[in-house]
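Novice: Provided herewith is a single structure, encoded as structure tokens, for subsequent inquiry.
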Amino acid sequence: MKQKILELIKKYKKIIIARHIGADPDALGSTFALKEIILENFKDKQVYVAGTSVSRFKFFGTHDKITDDMYEDALLIALDIPDIKRLDGVDYYRFKESIKIDHHPEIDKYSDVQIIDIDASSTCELIAKFCYDCNLKMPKHAAENLFMGIIADTNRFLFGANKPETYKVILQLVEKQHVKPNELYEILYKRPISEVRLEGFISLNMKLTKNGLGYVKITDKDLKEYGVDSASIGSIMNNYNFVHGLICWVVFSEDLKNNVIRTSARSRGVKINKLFEQYNGGGHIYACGAKLKDFNEADEIIDKLDNLCKEYNEDEFK
Ligand SMILES: [Mn+2]
């Protein structure tokens with residue numbers, strides 16, 4: 001398959017790389033790294049990266065606005081995205097041929113030329129392997145992009161990093177391209193003190209049920225006091241992953257501007273996605289979100305999640 005991918009890349013002069021909406025470091029790192037790798041190895045190519053830019057992550061690269069003329073005789077490479085409808089910034093149906101490289105379970109089969117490896121830590125790992133296996137040159141900035149995608153998707157090797165391949169790729173990035181991890185962590189992990197204080201508030205105010213559910217309600221007044229908006233909560237949620245007695249945790253925060261209660265939940269074993277789908281939300285099996293009408297709905301969710309935790313405990317210790 002790697003050779004087929006390489007042949008397609010060689011065949012097209014114009015290439016558009018795209019990824020999922022709501023870009024994260026793996027999506028950004030893989031798309032911009034691949035662009036840089038193609039330009040380094042094939043000097044005559046025009047390569048564009050589609051999608052909405054994320055101001056926090058300027059380091060990865062600059063997005064292109066895809067205009068009508070760019071579609072003409074162009075190849076689409078879709079990275080880190082299992083379904084067509086979540087492609088950001090391009091119209092899939094305007095391309096004759098496409099390549100897909102991804103580590104999510106398949107949703108749409110939208111390309112014949114594809115690498116799907118759900119055991120891979122990240123799409124960045126797959127791009128790095130592709131580059132090394134095909135003996136392509138890798139510019140240093142591309143290596144840095146790939147490194148950050150792997151680090152972010154595994155949350156510094158806390159999740160989904162049990163395979164030697166991940167570490168082999170990391171070793172190569174550090175050894176061959178001289179990536180300096182300490183310099184890059186700042187870009188991923190530096191955060192404002194207001195967010196740290198909000199995390200303190202969540203930790204102090206989290207109620208824990210005997211079934212292992214943790215929950216916190218944050219009012220608009222609380223958010224104002226800490227000088228944050230409810231969007232800051234997402235990045236804090238993963239920090240409760242290794243707490244004794246906590247199986248599932250959920251944070252509700254009042255968003256007066258949009259008149260909703262933003263909700264974010266994580267779980268270490270209880271499957272929570274079906275419940276959140278009933279509340280106009282959803283996500284992964286163990287990581288969900290929703291926008292609720294009011295705190296009454298939050299109380300309903302607390303009860304239902306607590307029941308799920310209870311059932312889970314009963315099954316576990318049968
Ligand atoms: Mn990913």
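The values are calculated or read from the model by the stated rules, or taken from the named source; none is laboratory data. This structure is a prediction, so every number in the text was calculated from the model and none was measured. Here Cβ is always computed from backbone atoms with ideal geometry, including for glycine, and neighbour counts include all displayed protein chains.
Novice: Taking into account only those residues within the range 101-142 that are small (Gly, Ala, Ser) and either touching a Leu at 6+ places or on another chain (Cβ under 6 Å) or surrounded by fewer than 17 Cβ atoms within 10 Å (Cβ to Cβ) (or both), which is nearest to GLU183 (Cα to Cα)?
Specialist: Only one residue fits best here, namely ALA128.
Novice: For the range 303-312, state whether one or more residues are of a type in the set (Ser, Thr, Tyr), assigned to a loop (DSSP other than H, G, I, E, B), touching a residue at least 24 places away in the same chain (Cβ under 8 Å) and out of contact with any Phe, Trp or Tyr (no Cβ under 8 Å at 6 or more places or on another chain).
Specialist: Checked the range 303-312: no residue is of a type in the set (Ser, Thr, Tyr), assigned to a loop (DSSP other than H, G, I, E, B), touching a residue at least 24 places away in the same chain (Cβ under 8 Å) and out of contact with any Phe, Trp or Tyr (no Cβ under 8 Å at 6 or more places or on another chain).
Novice: Would you mention how many residues in the range 12-39 are at pLDDT 95 or above and surrounded by fewer than 16 Cβ atoms within 10 Å (Cβ to Cβ)?
Specialist: Total satisfying the criteria: 2.
Novice: For the range 29-52, enumerate the residues that are free of Cβ contacts under 8 Å to residues at least 12 places away in the same chain and part of a loop (DSSP other than H, G, I, E, B).
Specialist: Passing the criteria: only LYS43.
Novice: Can you pull out the residues in the range 234-259 that are among the hydrophobic types (A, V, I, L, M, F, W, C) and farther than 20 Å from LEU223 by Cβ?
Specialist: PHE242, VAL243, LEU246, ILE247, CYS248 - these are the residues of the range 234-259 that are among the hydrophobic types (A, V, I, L, M, F, W, C) and farther than 20 Å from LEU223 by Cβ.
Per-residue answers, yes or no, for (1) hydrophobic (A, V, I, L, M, F, W, C); (2) assigned to a strand (DSSP E or B); (3) crowded, with 16+ Cβ neighbours inside 10 Å:
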{"site": "PHE201", "(1), (2), (3)": "yes, no, yes"}
{"site": "LYS217", "(1), (2), (3)": "no, yes, yes"}
{"site": "LYS221", "(1), (2), (3)": "no, no, no"}
{"site": "LYS224", "(1), (2), (3)": "no, no, no"}
{"site": "ILE233", "(1), (2), (3)": "yes, no, yes"}
{"site": "MET237", "(1), (2), (3)": "yes, no, yes"}
{"site": "VAL243", "(1), (2), (3)": "yes, no, no"}
{"site": "GLU254", "(1), (2), (3)": "no, yes, yes"}
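Novice: Something else: Quick check on the range 128-172: of everything there that is outside any helix (DSSP H, G or I) and within 21 Å of GLN114 (Cβ to Cβ), which residue is nearest to the ligand (Cβ to nearest atom)?
Specialist: Per the criteria, the residue is GLY160.
Novice: While we're here: Identify the residue in the range 262-291 that is part of a strand (DSSP E or B) and in contact with a Phe, Trp or Tyr (Cβ under 6 Å, 6 or more places away or on another chain) and, among all such residues, is surrounded by the fewest Cβ atoms within 10 Å (Cβ to Cβ).
Specialist: Within the range 262-291, the match that is surrounded by the fewest Cβ atoms within 10 Å (Cβ to Cβ) is GLY282.
Novice: Does ASN259 count as surrounded by fewer than 14 Cβ atoms within 10 Å (Cβ to Cβ) and at positive phi?
Specialist: Considered against the rule, which asks whether it is surrounded by fewer than 14 Cβ atoms within 10 Å (Cβ to Cβ) and at positive phi, ASN259 comes out as yes.
Novice: Note down all Cβ pairs under 8 Å where the first residue falls in the range 62-84 and is on the phi > 0 side of the Ramachandran plot, the second is away from the ligand (no atom under 16 Å from the Cβ) and among the hydroxyl-bearing types (Ser, Thr, Tyr), and they're at least six residues apart or on different chains.
Specialist: ASP73/TYR12
Novice: Something else now. Would you point out which residue out of LYS35, LYS14 is assigned by TED's automatic domain parsing to the domain that holds ILE150, more than 28 Å from TYR185 (Cα to Cα) and away from the ligand (no atom under 16 Å from the Cβ)?
Specialist: Just a single option satisfies the conditions, and that option is LYS14.
Novice: For the range 89-127, name all the residues that are part of a loop (DSSP other than H, G, I, E, B) and within 16 Å of the ligand (Cβ to nearest atom).
Specialist: HIS103, HIS104, PRO105, GLU106, ILE107, ASP117, ILE118, ASP119, ALA120, SER121, SER122
Novice: Report yes if some residue within the range 174-184 is within 16 Å of the ligand (Cβ to nearest atom) and among the polar types (S, T, N, Q); otherwise report no.
Specialist: No, every residue in the range 174-184 fails to be within 16 Å of the ligand (Cβ to nearest atom) and among the polar types (S, T, N, Q).
Novice: Taking the condition over 17 Å from ASP133 (Cα atoms) and within 16 Å of the ligand (Cβ to nearest atom), does ASP24 pass?
Specialist: yes
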